[in-house]
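Working notes, beginning with the structure itself.
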Amino acid sequence: MKTDTRTIPALRLAAVPHSGAYNQIGPAFRKLGSLAGPAGLFAHSGAIVMGIYKDDPTTTPVEQLRSAAGVVIPDGVALPNGLAEERLTAGRFACFTHAGSYDTLPGAWKKVSTELMPASGLRRRRGAPSYERYLNDPSQVPPEQLLTEICIPVE
């Protein structure tokens, strides 16, 4: 898994909130697609689809986990009904690029949290969400060629 540490600028997203198990966020992504697509949000420069994960699943009860499916949009772009604005602050992130099916992401997260982050010597920055950045389109490439960047805020 490719690793990179960098500063990511503040981001504005049009999003669909989700509560509960992170692996059950699929319907939020489907709703995002059905609302953001017709509104032209995917056509904006810099538009990238992301999954935002706000809580630590090792310390937060599953039913209280908060997440969102979103797409990065520029300031000034109106949100269509049904989408909420999410703002992510700028900061330093450790990013790990995973190649493969979305079904294998839980294993990638486990490897990042139990092996790669501890080996990096970096400390997770509290109060900022982690997220996934989906670098290619699942309708355009086979599952084994999907690229997902797991981004964890670090101090």
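Numerical summary
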item	result
Residue that is assigned to a loop (DSSP other than H, G, I, E, B), surrounded by 12 or more Cβ atoms within 10 Å (Cβ to Cβ) and in contact (Cβ under 8 Å) with a residue 24 or more places away in the chain, where the choices are 80, 74, 17	80
Filtered residues of the range 137-148 (kept if surrounded by fewer than 19 Cβ atoms within 10 Å (Cβ to Cβ) and either assigned to a helix (DSSP H, G or I) or within 13 Å of the chain's Cα centre (by Cα) (or both))	143, 144, 145, 147
Residue within the range 96-103 that is over 16 Å from the mean Cα position of the chain (by Cα), over 15 Å from residue 151 (Cα atoms) and at pLDDT below 95 present	no
Residue selected from the range 83-136 under the condition in contact with a helix residue (DSSP H, G or I) (Cβ under 8 Å, 6 or more places away or on another chain) and assigned to a loop (DSSP other than H, G, I, E, B), by the criterion surrounded by the most Cβ atoms within 10 Å (Cβ to Cβ)	83
Unique residue being within 18 Å of residue 11 (Cβ to Cβ) and either of a type in the set (Gly, Ala, Ser) or modelled with pLDDT under 95 (or both) when the list is 121, 107, 91	91
Only one of 6, 66 that is surrounded by fewer than 16 Cβ atoms within 10 Å (Cβ to Cβ), touching an Asp or Glu at 6+ places or on another chain (Cβ under 8 Å) and among the basic types (Lys, Arg)	66
Test: residue in the range 44-57 that is in contact (Cβ under 8 Å) with a residue 40 or more places away in the chain, surrounded by fewer than 17 Cβ atoms within 10 Å (Cβ to Cβ), of a type outside the set (D, E, K, R) and outside any helix (DSSP H, G or I)	yes
Any hit, the range 46-67, residues being of a type outside the set (Val, Ile, Thr), farther than 23 Å from residue 124 by Cα and in contact with a helix residue (DSSP H, G or I) (Cβ under 6 Å, 6 or more places away or on another chain)	no
Failed criterion for residue 45 (all others in (1) of a type in the set (Gly, Ala, Ser); (2) modelled with pLDDT of 95 or more; (3) over 21 Å from residue 128 (Cβ atoms) hold)	(2)
Condition met for residue 28 (farther than 24 Å from residue 1 by Cα, over 14 Å from the mean Cα position of the chain (by Cα), crowded, with 18+ Cβ neighbours inside 10 Å and among the small types (Gly, Ala, Ser))	no
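The values are calculated or read from the model by the stated rules, or taken from the named source; none is laboratory data. The shown structure was predicted, so the numbers you read here are calculated from the model rather than taken from an experiment. Because the Cβ atoms are built from the backbone with ideal geometry, glycine has one as well, and the counts that use them run over all protein chains shown.
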